[in-house]
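Following: one structure in structure tokens, then a few remarks.
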Amino acid sequence: MNPRFELAHLAHAELLTPNMEGTLWFFTELLGMREVARQGDSVYLRCYEDPYHHSLKVTAADAPGLANLGWRTTSADALERRADALDRAGLGRGWTKGDLGVGRTFAFESPDGHPMELVWDVEKYLAPPELRSPILTRRSKRPLQGLPPRRLDHVNLMASDVTVQKEMFEQTLGFGTRERVVDVAGGGTEIGAWMSVNILGHEMAIMADSTGSRGRLHHLAFWYGVPQHNTDAAELCREYGVQIEAGPDIHGITQGAFLYVFEPGGNRIELFGNSGILELEPDFETVTWDLADFDTGIAIGGATLPAETYFVYGTPPVAGQESLITASEIGTRVAATVA
Ligand SMILES: [Fe+2]
């Protein structure tokens, strides 16, 4: 069966942090996400328009990184079919009992080792009376504090081999590749791919990891409105000591308005200031950018993506990369001040 439209969207993610206090300060005080639960070493958070119990789980660990990505399928039957396909591809890791707000899931790994799961049964968020919005399409009131982002938007993964990763997601899970970057002069190697299971320009990007590492996270992105918000967010990050890596600007690839920062635990977070290009054509053709002619793809306004971090730093960091990120120390100090 054609796997297209068997997956619905990115439903939740779990980040690891060595600095829980700083990370929680970043997501709740600065971004304005709400805490919905705590269990063990984990805290569950949500944006005010996220549809389910939580969109982000933050778990204490020795190093930052990605612990899980949850993709919701379009039906219970689709979940069974994609689980079978993942098993046939040798990537299945078996059924789980789920988590808070998450029913039975099928765990798997990407070819590079990124931990993920598929889920159909989820708990749809019902706000308590004091948080219910008169805007009936909104799952909870807009918070009074923080930016705040509306919902989890997308993930960007680093991979040792972009093509292998991309083809598995296309063939096994039905992702469409909207755009890619190819090093034409270097023999045609794919160095990036932007993919989606729905009309969003991308819900997952895959970029080549020049350190040769496997299974690392580049960034997790949250969506919250218009490009002006990125400028406002940059002001807040400057004032509260959160390290800005790049932006605000708009990528040519995806046409997404971006601001990249490092949360105090060391994970790169993107604040996504518009929806980017939407793909409505069922028979769209993949757009290919040549690495040699890539400036517009990186940033329409000419912003620089720092070579010393953007194309090499991921989480968990490789040896020596920890010193590239200063937000951890600053975030802890700010958290103590705010408390
Ligand atoms: Fe992104």
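The values are calculated or read from the model by the stated rules, or taken from the named source; none is laboratory data. If you're wondering where the values come from, they're calculated on a predicted model, not measured in any experiment. In this analysis, Cβ positions are derived from the backbone assuming ideal geometry, glycine residues included, and neighbour counts consider all displayed protein chains. Calculation scope for accessible area: heavy atoms of the full protein, side chains included, ligands and nucleic acids excluded. Shrake-Rupley method; radii C 1.70, N 1.55, O 1.52, S 1.80 Å.
Odds and ends about this structure:
- Carbon + sulfur, % of accessible area of the chain - ligands and nucleic acids excluded, 1.4 Å: 51 percent
- The amide H of Glu179, built 1.01 Å from its N in the peptide plane, has Trp194, Val287 as neighbours under 5 Å, considering only residues 5 or more places off or on other chains.
- Under 5 Å between amide hydrogens, built in the peptide plane, is the criterion, and for Arg4 it picks out nothing among residues at least 5 positions away or on other chains.
- Calculated FRET value between Glu322 and Leu100, using beta carbons and R₀ = 30 Å, to 0.05: 0.45
- His114 - accessible surface, heavy atoms, 1.4 Å probe, Å² rounded to 10: 0 Å²
- Most simply put, the range 137-216 has about 70% antiparallel DSSP beta bridges, counting only bridges with both residues inside it.
- Sorted from longest to shortest, the spans of the Cα atoms of the range 55-163 along the three principal axes equal 47, 34, 26 Å.
- Placing a label point 7 Å from the Cα of Ala60 along the Cα-to-Cβ line, the residues of the range 1-34 whose backbone N sits under 18 Å from it are 15-28.
- Extension gain, Val287 back to Glu109 (0.36 nm per residue minus Cα-Cα distance, nm): 61.4 nm
- DSSP bridge orientation in the range 7-338 - percent antiparallel, rounded to nearest 5: 75 percent
- Ranked by solvent-accessible area (1.4 Å probe, protein heavy atoms only, all chains present), the residues Ser75, Ser323 order from largest to smallest as Ser323, Ser75.
- Backbone HN-Hα couplings from phi across the range 65-78 [Karplus 6.51/-1.76/1.60, Hz, Gly and Pro as x]: x, 9, 9, 5, 10, x, 9, 8, 7, 8, 6, 5, 5, 4
- Charge dipole of the chain (Cα centre as origin; +1 on each Lys and Arg Cβ, -1 on each Asp and Glu Cβ, all else neutral): 1180 debye, rounded to the nearest 20.
- Gain upon complete extension [Asn198, Glu279; 0.36 nm per residue less C-alpha separation]: 28.4 nm
- Sorted largest first by accessible area at a 1.4 angstrom probe radius, with every protein chain in place, the residues Asp183, Asp121 fall in the order Asp121, Asp183.
- Mean sequence separation of contacting Cα pairs (under 8 Å, at least six apart), scaled by the length of the chain, corresponds to a relative contact order of 19 percent.
- One chain, two ends: Ala307 and Val226. Fully extended at 0.36 nm per residue, the span grows by 26.5 nm beyond their Cα-Cα distance.
- Proximal lysines relative to Lys141, as straight alpha-carbon distance under 21 Å, when same-chain residues fewer than 8 apart are discounted: Lys57, Lys124
- Backbone phi angles across the range 14-30, fed through the Karplus curve with coefficients 6.51, -1.76 and 1.60 (θ = phi - 60°), yield HN-Hα couplings of 10, 9, 9, 9, x, 9, 4, 4, x, 5, 5, 4, 4, 6, 8, 7, 7 Hz in residue order; Gly and Pro are listed as x.
- Note, ³J(HN,Hα) from phi for the range 94-108, Karplus 6.51, -1.76, 1.60, rounded to Hz, x at Gly and Pro: x, 7, 10, 7, x, 7, 4, x, 10, x, 3, 10, 10, 7, 8
- Placed amide H near His9: partners under 5 Å, 5+ positions off or other chain: Arg72
- With protein chains left intact and a 1.4 Å probe, residues in the range 7-338 average 41 Å² of accessible area per residue.
- When all protein chains stay in place and ligands, DNA and RNA are ignored, the 1.4 Å accessible-area order of Arg150, Arg81, Arg216, Arg238, largest first, is Arg238, Arg81, Arg150, Arg216.
- Placing unit charges on each Cβ (+1 for Lys and Arg, -1 for Asp and Glu) gives the chain a dipole about its Cα centre, and among Leu79, Val197, Ala303 the Cα reaching farthest toward its positive end belongs to Leu79.
- Computed over the range 157-250, the alpha-carbon pair-distance distribution with 10 angstrom bins reads 14, 37, 31, 17, 1, each value a whole percent.
- Probe 1.4 Å - accessible area at Glu80, Å² to nearest ten: 80 Å²
- Evaluated over the Cα positions of the range 7-338, the convex hull gives a direction-averaged projected area, one quarter of its surface, of 16.6 nm².
- Dipole in debye (nearest 20) - the range 1-94, about Cα centre, beta carbon charges: Lys, Arg +1; Asp, Glu -1: 260 debye
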